[in-house]
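Student: I'd like to ask some things about the structure below.
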Amino acid sequence: MFPETRNFSAGVVHRYSYRRIWVSEKAGKVVGILDMYPYKDQKIIDIVLRHDYAKTGLPISTVIFSDQEAWPHEWYIDALAVDPDHWGEKIASHLLDEAEVVAAKQGYHILSLNVDQENPRAQRLYEQKGYQTEKTMTIGDRTYDHMIKRI
């Protein structure tokens, strides 16, 4: 992990704050991560991150995340990743279960995520977990299905 990344993750408000990331570990090694936050935080999570751009040489005017990813009343799953060496061990499934618990504790009844249409493996997992495609959208130059699950 680069020192700048470590510094970014120490913040409270931004997209990759330690308060938004859950990890799955095996034998002391991180094998899966889940990054999530409520819709209401979508507008503010990257503002704080911009103040650290200078440390990486980026101008403060740089826009990294410009597309809307979540909608009102949604608890948004921004990222879910599992080490390929641990695929098939239900790590992603357990992290998604944890997302439901956290969202419910925060008073949310809708979980959402965006899945790249070129990732059928992830699409199948989300469908098995009860997510349904609500709309298709473009983020950057990729096409995604915006999926939701009512809890």
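Student: Per residue of the range 96-104, what does 6.51 cos²θ - 1.76 cosθ + 1.60 with θ = phi - 60° give for ³J(HN,Hα)? Whole Hz please, x for Gly and Pro, Karplus curve as stated.
Tutor: 3J(HN,Hα) across the range 96-104, in whole Hz: 5, 4, 5, 4, 4, 4, 5, 4, 4.
Student: Assuming a ≥ b ≥ c are the square roots of the Cα gyration tensor eigenvalues, decide whether the range 42-150 counts as rounded (a/c under 1.5), prolate (otherwise, with a/b larger than b/c) or oblate.
Tutor: Prolate is the answer for the range 42-150, as a/c is 1.5 or above and a/b outweighs b/c.
Student: Please state the charge dipole magnitude for the chain, taken about the Cα centre, from unit charges on C-beta atoms (+1 on K and R, -1 on D and E), reported in debye and rounded to the nearest 20.
Tutor: 340 debye
Student: Sticking with this one: Between 52, 35, 78, where does the largest GNM mean-square fluctuation fall for the chain, given springs only between Cα atoms within less than 10 Å?
Tutor: Looking only at 52, 35, 78, the largest GNM fluctuation is found for 52.
Student: Are any of the pairs 40/90; 26/90; 40/105; 105/129 more than 21 Å apart by Cα-Cα distance, and if so, which?
Tutor: Beyond 21 Å: 40/90.
Student: Additional query: Which of 72, 84, 38 moves the most in a Gaussian network model of the chain with Cα springs under 10 Å?
Tutor: Comparing 72, 84, 38 in a Gaussian network model of the chain, the most mobile one is 84.
Student: Please find, in a Gaussian network model of the chain (springs between Cα atoms separated by less than 10 Å), the residue of 75, 87, 22 whose mean-square fluctuation is greatest.
Tutor: 87
Student: Name the residue from 112, 45, 94 whose Cα lies farthest towards the positive end of the charge dipole of the range 3-150, charges +1 on Cβ of Lys and Arg and -1 on Cβ of Asp and Glu.
Tutor: 45
Student: I'd like the GluC sites (Glu not before Pro) in the range 99-151 restricted to DSSP loop residues with at most 11 other Cβ atoms within 10 Å, sorted by number.
Tutor: Here the GluC sites (Glu not before Pro) that fit, given the DSSP loop and packing criteria, are 118.
A short reminder: the numbers here are calculations on the coordinates, not readings from a lab. Every value quoted in this text rests on a predicted model; they were computed, and no experiment measured them. Because the Cβ atoms are built from the backbone with ideal geometry, glycine has one as well, and the counts that use them run over all protein chains shown.
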